[in-house]
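Here is the structure we will look at, set down as structure tokens.
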Amino acid sequence: MIPLEVEIRKINIAQSKELSDLLLQSDREYSKYFIPFEFDIESVSKVLEKAVKDMYYGIYVNSILVGFYMLRGWDAGYGIPSYGVWIAKNFSSKGLSKLTLHHAISICRINKVEKLMLKVHPDNIIAKKIYEDFGFTFSGVDEKIGHLVYYKNIK
């Protein structure tokens, strides 16, 4: 057996099509809670092109994009970044979301970011458990979309 390699790489507009294709090919039911932006190529390109301080990272297995995560909000003027992650269904439950959380927390520590925020759908039980296990605490509900808001103090 030859082990598969896992890599986290910063992505930008050059990976727009690759990311858009991945998201559009996913089962709608699987991705129903993930709503940061539209998945079409134009929307993905616009998000990645506008990123200056915001960070988008691809998760690659043997150089194939299988998911991504983001730390965003800085470009909109927020002091606390928002974390979001999406992993392809056939790679879920393999620890990749946890890997991205470790990566994101390290980035926050290196950049002296004191707090991290995320939003999760109330029915996304698995994600809520992961976030709570990582020390995120419930703060309230986003009235616009009904998602639960969690924060983590970064030390």
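The values are calculated or read from the model by the stated rules, or taken from the named source; none is laboratory data. The model shown is predicted, which means the values in this text are computed figures rather than measured ones. Here the Cβ is made from the backbone with ideal geometry for all residues, glycine too, and neighbour counts use every protein chain on show.
Points to keep in mind about this one:
- Being within 23 Å of VAL6 (Cβ to Cβ), among the aliphatic types (A, V, I, L, M), outside any strand (DSSP E or B) and under 14 Å from the mean Cα position of the chain (by Cα) is a description that does not apply to LEU118.
- Check on ARG28, touching a residue at least 40 places away in the same chain (Cβ under 8 Å) and exposed (fewer than 15 other Cβ atoms within 10 Å of the Cβ): no
- Some residue of segment 45-53 being under 23 Å from LYS112 (Cα atoms), surrounded by fewer than 18 Cβ atoms within 10 Å (Cβ to Cβ), in contact with a helix residue (DSSP H, G or I) (Cβ under 8 Å, 6 or more places away or on another chain) and modelled with pLDDT of 95 or more: no
- Any hit, segment 95-108, residues being under 15 Å from the mean Cα position of the chain (by Cα), free of Cβ contacts under 8 Å to residues at least 60 places away in the same chain, farther than 26 Å from LYS53 by Cβ and surrounded by fewer than 17 Cβ atoms within 10 Å (Cβ to Cβ): yes
- Looking only at segment 124-154, residues that are assigned to a loop (DSSP other than H, G, I, E, B) and either closer than 16 Å to VAL85 by Cα or without any contact (Cβ under 8 Å) to a residue 24 or more places away in the chain (or both) come to 8 in all.
- Leading residue by the ranking (surrounded by the most Cβ atoms within 10 Å (Cβ to Cβ)) among those in segment 1-25 that are more than 19 Å from ASN62 (Cβ to Cβ) and touching a residue at least 40 places away in the same chain (Cβ under 8 Å): LEU23
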